[in-house]
């Protein structure tokens, strides 16, 4: 790109315009050179950045469509076997619904982008990232969080094995790790260490407790017989 | 993340009735939420198709496979029919992202996801893909960028499923209120030279409703592998999808596909030609890998990919042919 | 950091003092176990205050200390009930969000907060007047008279507080900042050029924190180059002339961010007579200190709470900008304020491990004796200092002459802060590979050479264990021996860290009539397990199982605790806790003696039972005896007393062997196994120690192979401020780890505990991998992270299969 300005010129230009509240590095003109070219549905918002609500744009007439939001609406979620009715906006993630609206703080949001799996919960029996799931999409599913894993006041055998093997240090990744491994055991009661590594491939632990997590999960596999 | 209206749809026709005025389709929501959280996408209305039951599931037909667009990557990975006859697709879906994301992400969303260029994904940069006039990768950090077709926007194709589907000559079914059309994967993606802002030919009023895969010819063997920097959860620096139609030890016909080499998933006819009519051996596999790099034009920092792709290709050819195991150093 | 050595003469003198025949008043001479069981264990005399508890025997003779009871708070952590700062929710609490600089270098012309203030739900906006962190101009006259100068993209400028997080997020975007942008530089090489844009208009220095870091003050500054800080011992020039062999090479390492999973942040609740702050911190004391100073509050009116804490690794000391800003917003609004950074801010603005470009030259005699060590380093700590990395070169080996020059190079990037063993992973990466190069040139075995030049007696034992290990024995001394594209190699590296004691370490121990015991200290558990260790100390004293001990920590309402940096916590605090426990037990015996019909000095509390020395009664359990206390509670407070043998220079260390497989076609390095032998004095809880060493090694592997803060060269923005493209080792990247502890008693305190955090392998992993890579391929890799492009480039320069050096 030969027409690139020096960084300082560019910075000066963008900063001289306080209207440019995004303060992003930009090119020269605001209009795309391919104006009028076809755009995808998914691409529309990217390009236009529509910020203002237009009621006419959202008028729903179809009987198979129900509009929610943008403001808060009442929603009932089944979490750890208990129904919770909360008032949330459609943009509320499942993680926020659990943490902020239900006080289930065991679920941790760490990267907020699905890269660390600290926010893992089970949707029915499937581990998902609650930070990348809209709370609305958890309707009609059984949500299980770390708080819902113990039964009758007793830790899940996997949790007991985590304690025994000291499979934690700071503990911030622990709920996500436990949920990933619990889901694995549910699906594959006799995993190999390689299976455990694959099941936790999306879970980050910064303290480096992985070897203990592998050991704990394998031990729990030898003792875990119940259905969580 | 900005506020939006969620239009909850239970049927295809309901969803189609919502596709106007900038409404954005949300299925698994993984890529869309990522873009919205970063402020890259700011839709005011999301058309939630996640719960349309008719759009989910894998069906074997006389012609091959029909996969509902809402089928998750994990469901495809684990499907016995896919595993048995479409190993490349099982591999590709099974090695995408993280286990959690594979449980959420749909095949339709995977095919439609935006490219992974860090300039595009950053709210600090307004680039060509966001309708501006500049690409920051050419003079910037481009170690993960394209080595082919990289003159306009060198961000690489993100979908591993697309690599598999291109190798399998698959198509997508696009549905609008007017009816359905089928577009081959090879024609589905729009090259950035044509329009860097547009990823695919899908029209604003269309939904991607299914993936259609023809039945493989007899003797077909296939595989997919991707290489990154880490072995757990990483985007591909080089990947390869291989479909071999074998007559005994002789390769009748081959498809060699690369994902992280170019902005749009690409086949390499030159590599394929090196295998056609020949036995699969390490020598022919390596020759194919080498041929695949003809015409590569690396940028300032991604020359190593020209070394990596041939390795990814030859090892995946041998994996497909059953002559080598899955590479332990590939991303798992 | 300690970089001076105690001479043998001084050591002898100190020993003589300890052995003096007549102890001064108030002290007594006791015999303490010193050395390594099975190797060098012996008794040494120490003069200690008569108020000290009895000498603790070695671990094998103890019931709870030196064992591995379960982590005290494990149940809370596995069940999700552990409450971190991030989890604190107070009634009416507001959520705050920073406004961050959108350019890497600028004067701020104006800040318009009016639109943000008008957004419904916004309750407060605060514009930062005094920025914390980074280097500070020596000449105050050069400082910006209005807003703090922007020196990196992402620098906090202001913050908004609103009723909901996404309102705060929207409001932050509405704050209009007008910049007068200035030229910037984000590349170390470019920043060193004479005509480079200047990050600071004059000399600037950064202080260290309780975790170390920071750079030298008052050194020369030329442009962006802050330094050199020169350290010379002996005549290096002469040393090189005297050498039979000289090796010289260049190494470079990248910037690593701490990336603790819980980001920096606080919840602040400003009330008229008490500021309460929940903080994700490594030092409740350091947070209180900074807040009291910043707001001119008496310390007694600042309370800091850290119940659980999601990782720090050196970056979390003091209140920092989040602490000060949240407190300010809470004061403004009269409401508690939650302010936790998002992941991007965490990468950009709260610290990192600086980069390094090092030129290391070592001269040696034929027998291995080092005649001279010379290190010249340039590194960038962003707009801070602290990139020095001469620790290993200075302290690992014996040399005749030393010459180090450390330079910090300012760039327009977030300031560094202490990160686990500051400077040492960088320094060891160069030093330990150079020592191996030297061994090759001298035709010596790498362990033999280290035996020759490393005087540390503990590492000598550790090397012996390594030498006899199957992994080391499997090493082919001839590099590049494998045919084919997968090449296996084995290499080692050593660690060194220094015993520091934080005297601000105190605790209270209480005994209740119901037989329960509790310990209270403001110390925080950052994941290392100090809660468990404190419970073990009380358990040993009272014979109560550790899980029955109440551990109340992480609150400045309790006696002051040490800031957890530099591997000080266990070494500093456990003696104070044992002293308090001992004193409380004596008070307890005095309290029950009347009811037991005897005198206090007739009573002994041991093994969980109260015994009468004169057999006045059958031993009774501690619990039954407690019921006879004459008051509901007895308690004792103690603070740390100086180390028993204070002048002695103690270090901790380890030796790590790594096995790698290098795929020469893909450039991927697979670390298959690591065998690590480490010492940390008396291991108080071996399982937790090993857990930390596993973690140190894993962080070291992650640093060696993956992590890299990437700044766009043209615009100065970090392109990977996430946990996806900022790559941290995951489950499938972890080798088989085997850790062996070497107990090493040093006779320094009533627990004789030491620390492990820094010497836990984080500094040696990259070097061991580098040496293993050479053993595998015959090629030296001198750059981290060792990604495929770096590896393929290194291999492409290699002569085919013949190089041995």
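Where a number appears in this text, it was derived from the coordinates with a stated rule and is not lab data. What you see is a predicted model, and the numbers here were worked out from it, not measured in a lab. Note: ideal-geometry Cβ built from the backbone for every residue, glycine included; neighbour counts use all protein chains shown.
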Euclidean distance of C-alpha centroids, the stretch C:131-161 and the stretch C:81-120, integer Å: 17
Space enclosed by the convex hull of the alpha-carbon atoms of the stretch B:122-163, per residue, Å³: 100
Three-way shape call for the stretch C:691-805 based on the alpha-carbon gyration tensor, with the a/c threshold at 1.5: oblate
For q = 0.27, 0.31 Å⁻¹, Debye-computed log10 I/I(0) when each Cα of the stretch B:1-49 counts as one equal scatterer: -1.01, -1.21
Measure of compaction for the stretch C:580-666 (Cα Rg per 2.2 N^0.38 Å): 2.03
Whole-angstrom gap from the stretch C:169-218 to the stretch C:229-277, using each part's C-alpha centre: 17
Taking the stretch C:364-468 and dividing mean pair separation by its residue count, relative contact order in percent (alpha carbons under 8 Å, at least six apart): 30
Theoretical FRET efficiency, 1/(1+(r/R0)^6), r = Cβ-Cβ of residue B:270 and residue B:215, R0 30 Å, to 0.05: 0.65
B:45, B:178 arranged by Cβ crowding within 10 Å, fewest neighbours leading: B:178, B:45
Stokes-Einstein D in µm²/s, Kirkwood radius over Cα pairs - the stretch B:220-320 at 25 °C with 0.890 mPa s viscosity: 183
The stretch B:1-112: proportion of alpha-carbon pairs further apart than 23 angstrom, %: 33
Percentage relative contact order, the stretch C:147-230, counting C-alpha pairs under 8 Å, at least six apart: 18
For the stretch B:97-168, convex hull of alpha carbons as volume per residue, Å³: 121
Rg [Å, one decimal], Dmax [Å, integer] - the stretch C:574-727, C-alpha atoms: 27.6, 85
Average beta-carbon neighbours from other chains, 10 Å sphere, peptide A:156-166: 4
Prolate/oblate/rounded label for chain C (Cα gyration tensor, a/c 1.5): oblate
Helix-only CD estimate at 222 nm, as mean residue ellipticity for chain C, using -39500 (n - 2.57) per DSSP H run (n ≥ 4): -8000 deg cm²/dmol
Shielding score for C:685-692, defined as the mean number of other chain Cβ atoms within 10 Å: 3
Ranked list, fewest to most other Cβ atoms within 10 Å of each Cβ, for C:589, C:274, C:710: C:274, C:710, C:589
Residue-span extension gain [residue C:631 to residue C:207] - 0.36 nm each, minus C-alpha spacing: 147.8 nm
Percent RCO, i.e. relative contact order, over the stretch C:503-639, from Cα pairs under 8 Å lying at least 6 residues apart: 35
Stokes-Einstein D for the stretch C:479-565, Kirkwood Rh over Cα pairs, 4 °C, 1.567 mPa s (µm²/s): 81
Paramagnetic label zone (point 7 Å from Cα along Cα-to-C-beta, residue C:163; backbone N under 15 Å) in the stretch A:77-114: A:87-89
Percent of Cα pairs exceeding the 14 Å cut-off, where the set is the stretch C:319-398: 74
Helix axis angle, B:304-320 relative to chain B longest principal axis, alpha carbon, degrees: 70
Kirkwood-type radius of the stretch C:377-476, with distances r between different C-alpha atoms, in Å: 15.5
P(r) weight above 43 Å for the protein assembly as shown, C-alpha pairs, percent: 45
Hypothetical label at residue C:469: residues of the stretch C:651-689 whose amide nitrogen lies under 13 Å (7 Å Cα-Cβ projection): C:654-660, C:672-679
DSSP-defined antiparallel bridges as percent of all bridges, the protein assembly as shown, nearest 5: 80
Order of A:78, B:6, C:360 - criterion: other Cβ atoms within 10 Å of each residue's Cβ, fewest first: A:78, B:6, C:360
Shape call, chain B: gyration tensor on alpha carbons, a/c limit 1.5: oblate
Mean Cβ count within 10 Å, highest first, over the residues of peptides C:363-369, C:557-563: C:557-563, C:363-369
Whole-angstrom Cα spans of the stretch B:267-332 along principal axes, big to small: 36, 29, 18
Whole-angstrom gap from the stretch C:501-516 to the stretch A:85-105, using each part's C-alpha centre: 41
Kirkwood Rh (inverse of mean 1/r, distinct Cα pairs), the stretch C:635-684, angstrom: 15.5
Scattering profile of the stretch C:525-601 at q = 0.20 Å⁻¹ [log10 I(q)/I(0), Debye over alpha-carbon scatterers]: -0.91
Among B:215-227, B:245-257, the order from most to least packed when residues are scored by Cβ within 10 Å on average: B:215-227, B:245-257
Most fluctuating residue given options B:271, B:105, B:126, as computed from a GNM of chain B linking Cα atoms under 10 Å: B:126
Sum of -39500 (n - 2.57) over DSSP H runs of 4+, divided by residues of chain B (222 nm, nearest 500): -7500 deg cm²/dmol
Convex hull volume per residue in cubic angstrom - Cα atoms of the stretch C:39-149: 375
Semi-axis lengths, Å, the stretch C:414-455, gyration tensor of Cα atoms, sqrt of 5 times eigenvalues: 29, 11, 5
Over the stretch C:503-639: Rg over Rh, Cα atoms, Kirkwood Rh: 1.02
